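One structure is given here, and the rest of the page talks about it.
The values are calculated or read from the model by the stated rules, or taken from the named source; none is laboratory data. Worth saying up front: this structure is predicted, and the values here are computed from it rather than measured. Glycine also receives a Cβ, built like all others from the backbone with ideal geometry; neighbour counts cover every protein chain displayed.
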Amino acid sequence: MDTQRMQLRPAGENGWDLLVRQTGEECGRCGLRKTQWNKKTLWEIFWELSPEYLHQGYAAEAVRAVEEYAFSQPGIEEVCALVPDTDQPGIAAALRSGMALKGRQDAPEGQGMLLVFVKEKKG
């Protein structure tokens, strides 16, 4: 999978290393995993960027690429992202990718709240 500015190199099952297309430098990681929310099993998109690549739109670009991959897989009709309520860049990336805020849940081990963003497959 590739995006406009990144190449996504496979790194395990449903996971990818993010590489800057122009330089080949690794800038982060993203992937897809099953999670439980609201008594429902969903596919969760996750991402992590190196600090020097934050606030530049790379996260939203990675999320959109994983969404596209997820929706090309049989049986996946909905994806989500669980973002700490204090992670403003993560919240912005989820929103920019077209996800909608659907709810909140306690983070594991009392680490605050997670915002639950969801996107459904179109059409």
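Tabulated data for the structure shown
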read-out	value
Unmet requirement for Glu26, which otherwise passes all of (1) touching a strand residue (DSSP E or B) at 6+ places or on another chain (Cβ under 6 Å); (2) closer than 21 Å to Val79 by Cα; (3) acidic (Asp, Glu)	(2)
Residue check for Ala94: in contact with a Gly (Cβ under 9 Å, 6 or more places away or on another chain) and buried (at least 20 other Cβ atoms within 10 Å of the Cβ)	no
Residue list for segment 18-44, filter: more than 21 Å from Ala94 (Cβ to Cβ) and either in contact with a helix residue (DSSP H, G or I) (Cβ under 6 Å, 6 or more places away or on another chain) or acidic (Asp, Glu) (or both)	Glu25, Glu26
Thr41 being hydroxyl-bearing (Ser, Thr, Tyr), without any contact (Cβ under 8 Å) to a residue 40 or more places away in the chain and part of a strand (DSSP E or B)	yes
Output for segment 83-123, where each listed residue is at positive phi, at pLDDT below 90 and either within 12 Å of the chain's Cα centre (by Cα) or of a type in the set (Gly, Ala, Ser) (or both)	Gly110, Gly112, Gly123
Condition met for Ala60 (under 12 Å from Val118 (Cα atoms), of a type in the set (Gly, Ala, Ser) and out of contact with any Gly (no Cβ under 6 Å at 6 or more places or on another chain))	no
Pick from segment 80-91, criterion among the β-branched types (Val, Ile, Thr) and not in a helix (DSSP H, G or I), ranking: surrounded by the fewest Cβ atoms within 10 Å (Cβ to Cβ)	Thr86
Hits in segment 63-79 (condition: crowded, with 20+ Cβ neighbours inside 10 Å and out of contact with any helix residue (DSSP H, G or I) (no Cβ under 8 Å at 6 or more places or on another chain))	Ala65, Val66, Glu67
Matching residues in segment 97-119 - criterion: being small (Gly, Ala, Ser), touching a residue at least 12 places away in the same chain (Cβ under 8 Å), surrounded by fewer than 16 Cβ atoms within 10 Å (Cβ to Cβ) and not in a strand (DSSP E or B)	Gly98, Ala107, Gly112
Pairs with Cβ under 7 Å, 6+ apart, first in segment 13-27 and closer than 19 Å to Ile45 by Cα, second of a type in the set (S, T, N, Q)	Leu19/Gln7; Cys27/Ser50
